[in-house]
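Enquirer: Questions regarding the structure given below will be posed in turn.
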Amino acid sequence: MNAIDILWLAYKGLMARRTLAIISIIAIMIGITSVSFIEAFSQGVEHSVIFTLFQLNPTNIYVFNEIGYVSPTDVSFMSSLPGIYAVYPVIEAHGIVQIGGGLLMF
């Protein structure tokens, strides 16, 4: 079989099941388009997040501990990392304050 015979058989097969061939071609086109769209969307989101983080100030890094306490050992370790100029531990607390009979929750 030469190339012309192979192409003729392929053409006859496509024409025999024309609807199936068209649906298959459309499905392949939709699949390729959706993969391309998802890739472009994820790159756009990535660039947006990076741009937003650099707008906030890329030289400050805030580290929060779940137990609410950053030990002096943690502070000294973080300050010894390359590119770190200063480390400031921050304490965050929640509570209720009563002033003159009124309650303030924070």
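Please treat every number below as a calculation from the coordinates, not as lab data. Fair warning: this is a prediction, and the values are worked out from it, not measured in the lab. A quick note on method: Cβ atoms are made from the backbone with ideal geometry, for glycine too, and the neighbour counts reach across all protein chains shown.
Enquirer: Report the FRET efficiency, 1/(1 + (r/R0)^6), for Ile50 and Ile96, where r is their Cβ-Cβ distance and R0 is 41 Å, rounded to 0.05.
Expert: 0.55
Enquirer: Along the stretch 95-100, what does the Karplus equation 6.51 cos²θ - 1.76 cosθ + 1.60 (θ = phi - 60°) give for ³J(HN,Hα), rounded to whole Hz, x for Gly and Pro?
Expert: x, 10, 10, 10, 10, x
Enquirer: Hey, with R₀ at 35 Å, roughly what FRET efficiency would Arg18 and Phe41 work out to, going by the Cβ-Cβ distance, to 0.05?
Expert: Working from the Cβ atoms, E equals 0.50.
Enquirer: Find the Rg to Rh ratio for the stretch 1-58, where Rh is the Kirkwood radius over alpha-carbon pairs and Rg uses the same atoms.
Expert: Result: Rg/Rh = 1.46.
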